[in-house]
Every structure is written in C-alpha cells, then in structure tokens.
1. Expressed as a rounded percentage, what relative contact order does chain A have, with Cα pairs under 8 Å and six or more residues apart?
2. Using a cut-off of 21 Å between alpha-carbon atoms, which lysines can reach A:LYS65, once sequence neighbours fewer than 8 places away in the same chain are excluded?
3. 7 Å from Cα along Cα→Cβ at both B:LEU97 and B:LEU160: what's the point-to-point distance in nm?
4. Over chain B, what is the percentage of antiparallel beta bridges among all DSSP beta bridges, to the nearest 5?
5. Among A:LEU20, A:LEU319, A:MET240, whose Cα projects farthest towards the positive end of the dipole of chain A, with charges put on the beta-carbon of Lys, Arg (+1) and Asp, Glu (-1)?
6. Is there a simple number for the mean count of other chain Cβ atoms within 10 Å of the Cβ of residues in B:90-99, and what is it?
7. Please figure out what share of the DSSP beta bridges in the stretch A:134-303 is antiparallel and state it in percent, rounded to the nearest 5.
8. Of all the Cα-Cα pairs you can form in the stretch B:37-114, what percent are over 16 Å apart?
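Values quoted throughout were computed directly from the atomic coordinates according to the rules given, and no laboratory measurement underlies them. Since we're looking at a predicted model, the values are computed, not measured. Reconstructed Cβ throughout: ideal geometry from the backbone, glycine too, with neighbour counts over all protein chains shown.
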Amino acid sequence: MNRHLISAGDLSRDDAVLVLDTAEELASVEGRPIRKLPTLRGMTVVNLFYEDSTRTRTSFEAAAKRLSADVINFSAKGSSVAKGESLKDTALTLEAMGADAVVIRHQASGAPRRLTDWVSGRVINAGDGTHEHPTQALLDAFTIRQRLGATAIRAGATGGQNPGGGPDVRGQGLDGIRVTIVGDILHSRVARSNVLLLSTLGAQVTVVAPPTLMPYAVETWPCRSGYDLDAELRKSDVVMMLRVQQERMSAAYFPTVREYRRRYGLGTGRMALLPEHAIVMHPGPMNRGVEIAAEVADSPRSTIVAQVANGVTVRMAVLYLMLGGATEETS
Amino acid sequence: MPRAGQPGPDGPHGPGSAGSAGWKAVLTPEEIRRALTRIAHEILERTHGGEGIVLLGIPTRGVYLARRLAARIGEFEGTAAPVGSLDVTMHRDDLRLRPARALQRTQVPPGGVDGKTVVLVDDVLFSGRTIRAALDALNDLGRPRAVQLAVLVDRGHRELPIRADYVGKNLPTAYREKVRVQLAEIDGEDSVLLGEEDQ
C-alpha cells in the first residue's frame, strides 16, 4: 500500500485486490460475538470533515473502532474552522495531537494532497471536491466482486483455490465485467475514482451523462462514454446511478428534473432492459424519484444497503493495511 | 503463518524454494505420516474418542495438517471431526515490525467453539508467540471448554510459557537455524527440512 490514499489511480491492481481480499476476511468479524480486533490499539484516527457526511464519517468511525483505534471526530461546523482557521493550522493542531491517520473530506479538490505536506501520519481521502473518493470506489468494487465474482470466474480469470469450497472470489479482479456509470459525471468524485479503480481491476467502464454533465477530455479517461442510456443498459452487468448534486450545480445543466428523469433516470421500465444478472448500485444519498425510482432502489437487484455495510469492512481493510504494519513502508 | 523463521519477523519464503544445498531433511514423508497417525490416536485417547473436539489449523500449513488429522480421526472412529482454520495475523505482537501483511482465512465449523475442546494445529512450535496470538483470536470467537495444541515439530526456544499437548517430533535446534515444513498440498511433497537461510 501507498503511504497515503489520495486517488484510486494510485492503487496498482495488486494493491486493490489486496484491499478487497483483506475486506473479505474482515467481513467475517461481523458475524462474531466480539466484533472487535485489537490490531490498531493505541493508534489515533482523526476524522476531519469539512463537508456534511453521514455514511462516510460513521463508516470510517465504525471501521477504526472495530480495529480498536481511538477516533477523534473533527467537523468544520462548531470548531475553530468556523472561526476562520486555515487548513494548515488545523493540520498542525492534529499533528500536535499525534494523529496516526487523518481521514479528510473537503470541499476543495486537492486538499488531501496538500494535507500530506503538513502531517506526518497517513492521509486518507474521504472525498475532495469534484476530484476523488477512493474508498467509495473500493467498496463499490468489493460489492461488485461479491455479487458478480462468479461471472468473472466464468469469464476465464485465474481463480484462487478455496479450501472451504464454494465460489472463492479472493485474488480476483473484475475482468470483463461491464460497468455503466450514469449521471453527473462532471461533478462526481465517485465516478472519477470508480473509473480509475474499476478499469485497473479489469472492468470495462462506460460513463453516460447528458452532454452538459460530461467532463471535458473524458476521452482521455480509461473508459468509454456515451449519451444513450438505453443502448448501454442492455450490455451492462452493473449500472451505477449517481446523485444529481444540486449543491454543486451553479448553472442550469438540464432544463428540468422531469426531463433528466425521463432520459437518464432509472425506472422499472428501464431496469427491465438490463440483463438477468445485472445489479443496480448507488453511492448514496439517493434522490428517489430523480435519478432512481423508489421501486428500483428497493428491488433485489439493488445493492445500495450492501454497499453501506461493505463500506465498514472495506475501510477496516484500508486502515489495517495503512496503519497495521511497520510505520515506514520500506523498513 | 508459515513458521519457518526467527521469532518476530519471519521472512516470507517461496514454497518449494527449499530442498537445495544446506538444507537437511529431518523427517521423511513416511515419518510425517506416522507422526500424524500417532497424534490422531493420542487426540482420541485424551479426548475420550474425540468427543466435542474441533480442530483449528493455523494458516498456512497448520490448516492442511488439521485436515489430515481430521481425516485420520474420521477413519479411526467413523465420525468426521469438525475442522477449520484460525488466522492469527490481527492478534500478532510483531505486526508493527513489518509492512501490513495479507490476512489468511478464518473458518470456524458450523457448530462453533463454545463448550468444545479446541485442538489448535500448527506446523512448527518455536517462540510460542503465534500460539499466544491464536489463544487471543480464539477468545474472540467464543469460549471453548478446553484448548489443546498439536504441532508437527517442536523446535524449542520458547519465549512464552506455552507447551504443546501433541508433538510429532521434538527437534533440538540452534536458535539461528530454520525449520521448514513442506506439505504435498501446497509444496508438492512432504518433508521437514533443517538448515540455515543465507541472507
């Protein structure tokens, strides 16, 4: 693993598979009478959140606590940040408190990278502006592998041995799995991280968006792009719906919500176009009735609840791999 | 963990890389087979016919040894003994000495460990630190009635007050020497080798 986790693009295929395999093992902790491991005892993880977040922050907090780390939550509201403290000064404060890892969410793209200059602990990007959200991509990859791993084995990927019998997805990437990411690609850090990570793992990614929400130079991304959702759905194993992020939309990107829903929303009619085994994902929080219909979100194809549960185990894996070993990578 | 190295950071070694010059075979495949058969009989004797036992192998090679013991116990008594694996990585005391390592699989048989006699199975008993970690890991899984330890090789140099209940072979070694257990399931052949790793 790298020293910091800023971008999903920093992860090699081996790194990513290691995270997923570690999470696979840690998932079994959930079913035990004592859902706690002593591994990060005595370590301090700071959650530094400049933006509102429920699921990511609580997910990181639960993950760190399951590994016995001490957690300090630091949110911009009601802290000295509200009084105008700069990121650097906050970082120096955290440094003085001896943070072993800082989990940061910030509205400015690049803030986590900047933070690495100021703290000696590990920095984990929990979403920065419209840049990246690598742990979301990891948990999405984990969910896809869990649900569709057998498909990948059928596609001829080299399988690991499973002493216990049954399908073993460990060691596997996502080779040959077709993922379509739909919605506000322009502003979505989830889309960016997923495109990078899923393509590293061998998936074929397609992004679909209204022309106004398609990023400039999307052709340089390791994915295909298109504007016709119905055509893509027919050949997708995974469809990932993105939230329409009203808070980031300073201009009129589409005429009305109704028109967006009609062309890019996932309703039951459109869901019927998907192949039999295909799954529907959403990073949350959802706008039911906008990008995804309630019946779709609650259907058995939807992995939305599983994604939240997997978030904790994947973040446990990330924290363990970054903090559990020797302090210096090369020692 | 494959326990072939020093206590503490035991360096990773590629399976099958041994067998070259400098390594001396101390147990042949037949001797390993006989030792396991004897241990299986001893377990049955000490647990009154294997009543309520659960065999838990410590990855990697302990798992294969546990399976072999379970198979023998099944042959002798006609009822298969529940067998599983117990990864101790997250409970090791030397985690911070090396980069984070990949986790191995923990699989507890369906009956769980509560009230059972758990027999931990490992290939080499050395410092005893792996077993200490295993006892901690087991603690999180439930409350066994008793815990016993079976090892293929006891090479001495204990650093903790831990003793094996069943030993395939007591092997006096120098501290700097290494013991390498190879098993057909992953290494292609059965053997126990003694030697010094040139580093």
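1. Computed over chain A, the figure is 20 percent.
2. A:LYS36
3. Going from the B:LEU97 label point to the B:LEU160 one covers 1.3 nm.
4. 35
5. Positive-end residue among those listed: A:MET240.
6. Mean inter-chain Cβ contacts per residue within 10 Å come to 5.
7. Antiparallel: roughly 0 percent of the beta bridges in the stretch A:134-303.
8. Across the stretch B:37-114, Cα pairs with separations above 16 Å total 54 percent.
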